[in-house]
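S.K.: Sharing a structure below in structure tokens format, with a few things to ask.
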Amino acid sequence: SLLIRTQCIIWVVITALSYKAFHCFCVLRMNISQVERIVCDAFNAFSSGEPYLNRHSFKCAVLFATGWKPRSQDLEACLGQQVGANAMLTIDHLQRVVQMVLSTRDSTSRLREVYQAFDTAGLGFIRREEVLHIFENVAPTVRTNIVEEVFDALDTRRTGRVSCEDFMAELRGRLS
């Protein structure tokens, strides 16, 4: 069905374009235990078996868990403490930052980030040719007719372009 194809193609695009964009959709449906699992996975991926992370590894773990790359001052604001290069940050610190990031980012901003991955020129719309080109380069195994079907479903006004508002409205409806 078109809905299943749309969901599949969205997943392929998001995975291929960036891990950050993938989180734009996944995080919308996470419960507490899923967040805790992601935090544990992120911590373990960067801890090298130690019970703490240094600042660089901590930033990588936050990026891994949320798709958001924090600056040092962002971490300090989230944690309420100075975070030096050799800081010893625990899984509890990571949990706190991940919860804060996930709770402050709404679904609209997440969908907008996904849209911006396509609208690289910042024109406020994406054309069929651009989407086809992205798929040829990023996900060449996705058939052209599938990409065109999904684009047609998003192009509700039949203009050959998909605006950010159209994109967000269609995907919100399909993901809810």
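S.K.: Is it fair to say ALA121 is more than 22 Å from LEU171 (Cβ to Cβ) and touching a helix residue (DSSP H, G or I) at 6+ places or on another chain (Cβ under 9 Å)?
M.R.: Taking the combined requirement at face value, the residue does not satisfy it.
S.K.: Now a separate question. Those residues that are in a loop (DSSP other than H, G, I, E, B) and touching a helix residue (DSSP H, G or I) at 6+ places or on another chain (Cβ under 7 Å), I need them from the range 158-176; list them, please.
M.R.: The one that is in a loop (DSSP other than H, G, I, E, B) and touching a helix residue (DSSP H, G or I) at 6+ places or on another chain (Cβ under 7 Å): GLY160.
S.K.: Restricting to the range 79-104, and then to whatever is over 16 Å from LEU53 (Cα atoms) and open to solvent by less than 40 Å² (accessible area, probe 1.4 Å), can you tell me which residue is modelled with the highest pLDDT?
M.R.: VAL101
S.K.: Please count how many residues of the range 115-162 are surrounded by fewer than 16 Cβ atoms within 10 Å (Cβ to Cβ) and β-branched (Val, Ile, Thr).
M.R.: Residues that pass the stated criteria total 6.
S.K.: Picking from ILE38, ILE14, which residue would you name as being open to solvent by less than 40 Å² (accessible area, probe 1.4 Å), at pLDDT 55 or above and part of a helix (DSSP H, G or I)?
M.R.: ILE38
S.K.: Please verify whether the range 42-63 includes one or more residues that are buried (at least 17 other Cβ atoms within 10 Å of the Cβ), polar (S, T, N, Q) and more than 23 Å from SER103 (Cα to Cα).
M.R.: yes
The values are calculated or read from the model by the stated rules, or taken from the named source; none is laboratory data. No experiment lies behind these values; they were computed from the predicted model shown. Because the Cβ atoms are built from the backbone with ideal geometry, glycine has one as well, and the counts that use them run over all protein chains shown. These area figures cover heavy atoms from the full protein model, side chains too; ligands, DNA and RNA do not enter into them. Shrake-Rupley method; radii C 1.70, N 1.55, O 1.52, S 1.80 Å.
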